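These notes are about the structure you will find just below.
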Amino acid sequence: AGVLVDSAVEVAFLWTFGDGEQALHQFQPPYNESFPVPDSVAQVLVEHNVTHTYAAPGEYVLTVLASNAFENLTQQVLIRSGRVPIVSLECVSCKAQAVYEVSRSSYVYLEGRCLNCSSGSKRGRWAARTFSNKTLVLDETTTSTGSAGMRLV
């Protein structure tokens, strides 16, 4: 997680993992010795990442709160346990590239669900969103296969 703050402002990251565990990390200026202190108006990106291991499989809501004296920013992520399929992404037909202007530098969230994987005859469904949370339509116009099926082309 990262937050852009004035270089003279303290910032704290509170990670709540959804299983009763929390981690609090506080950062105080100077973040970089080259910034003037304490009256600087320069901004600095303060980043912090944590590692957490859940004791039991399940579904958890991870919340990270970045806060300072002026504002609080919160982001939540749903975490589900389960088998993670190995995914390889490759642009084959590139239909979506023309429709959505997808490129190597753009971020797209891709979610795949296996609807009947336990029965042996696998059937899936795909969904995609942009970094700004806009849903991308996955149909026969924007892809070669549509959103249904184990392969998305």
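The values are calculated or read from the model by the stated rules, or taken from the named source; none is laboratory data. Since we're looking at a predicted model, the values are computed, not measured.
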- Query: What are the residues in the stretch 56-79 that are among the hydrophobic types (A, V, I, L, M, F, W, C) and over 16 Å from G20 (Cα atoms), if any?
  - Reply: A66, A69, F70, L73
- Message: Condition first: at pLDDT below 65 and not acidic (D, E). Now tell me which residues in the stretch 18-53 satisfy that.
- Response: Y31, N32, S34, F35, P36, V37, P38, S40, V41
